[in-house]
Amino acid sequence: MQNDHIDLAELINANNPNLWDFEILDGISFMNCNRIHPLKQKEIQKLVNSCAEDNGLDALIIFGSSVEFRCNSKSDIDMVVIRNDGCKKVPNVFFEINSDVDILFDIGERLKKILWEHGVLVYRRG
C-alpha cells in the first residue's frame, strides 16, 4: 500500500488494551508518549520534534520492542513514516539518535496487522 491517502484510523487501534502504559519521563510531550518504553522516549521526542519541520511528513508510527516491556538499551526503533509527497526520506535527525532505526514507508497487509495490534501513533500533522 502506498502512503498516499492513508486513513490512520484503519492502521492504528487507539483503544488497544494490549499496549503498555509506561511512566513518562520529564520533558517528554509527544502524543501517546505513555505507550513508548522510557528507554526510547527521549530519542522519539527528538524524532517527533523534527517531523514538524518536514512539510511532507504527515505521521510517524512506532512499533516493535519500543512499545513493549522487553525493550532494552540495545533495542532498535521500528517506525513507519507516512508522507504526503511520495518521497522516501526523513529528517537527518532520524540518523543522529543513539538507537538503530528501521524506517518503513510502504505498508503491506502483514505490516497493517502488526500496526493494528502494536502500532503507536506518536506524530500526526495538523
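Placing pseudo-labels 7 Å out from each Cα toward the beta carbon at ILE24 and VAL93 gives an inter-label distance of 1.8 nm. In this label model, ARG110 and ASN49 are separated by 3.6 nm, measuring between points 7 Å along each Cα→Cβ vector. A straight Cα-to-Cα reach below 17 Å connects LYS46 with the lysines LYS89, residues fewer than 8 places away in its own chain not being considered.
What FRET efficiency would be calculated for the residue pair ASP100, ASN34, taking the C-beta separation as r and a Förster radius of 22 Å, to the nearest 0.05?
Taking R0 as 22 Å, the efficiency between ASP100 and ASN34 is 0.40.
Close amide H pairs (under 5 Å, H built 1.01 Å from N) link PHE22 with ARG35, ILE36, residues at least 5 positions away or on another chain.
Only DSSP H runs of four or more residues enter the estimate; each adds -39500 (n - 2.57), and after division by the residues of the chain the mean residue ellipticity at 222 nm equals -6500 deg cm²/dmol. In sequence order, segment 113-126 has phi-based couplings of 5, 4, 5, 4, 7, 9, x, 10, 6, 10, 8, 9, 5, x Hz under the Karplus curve 6.51 cos²θ - 1.76 cosθ + 1.60, θ = phi - 60°, and Gly or Pro positions carry x. When its C-alpha radius of gyration is set against 2.2 N^0.38 Å (N residues), the chain gives a value of 0.97. Amide H contacts under 5 Å for ARG83: ASP58, restricted to partners 5 or more places along the chain or on a different chain, H placed in the peptide plane at 1.01 Å from N. Projecting label points 7 angstrom from Cα along Cα→Cβ for ARG125 and GLU10 puts them 1.9 nm apart.
Every read-out reported here was derived from the displayed coordinates using simple, explicitly stated rules and does not represent laboratory data. Please read all numbers here as calculations on a predicted model, not as lab measurements. Note that each Cβ is placed from the backbone with ideal geometry, even for glycine, and that neighbours are counted across all protein chains shown.
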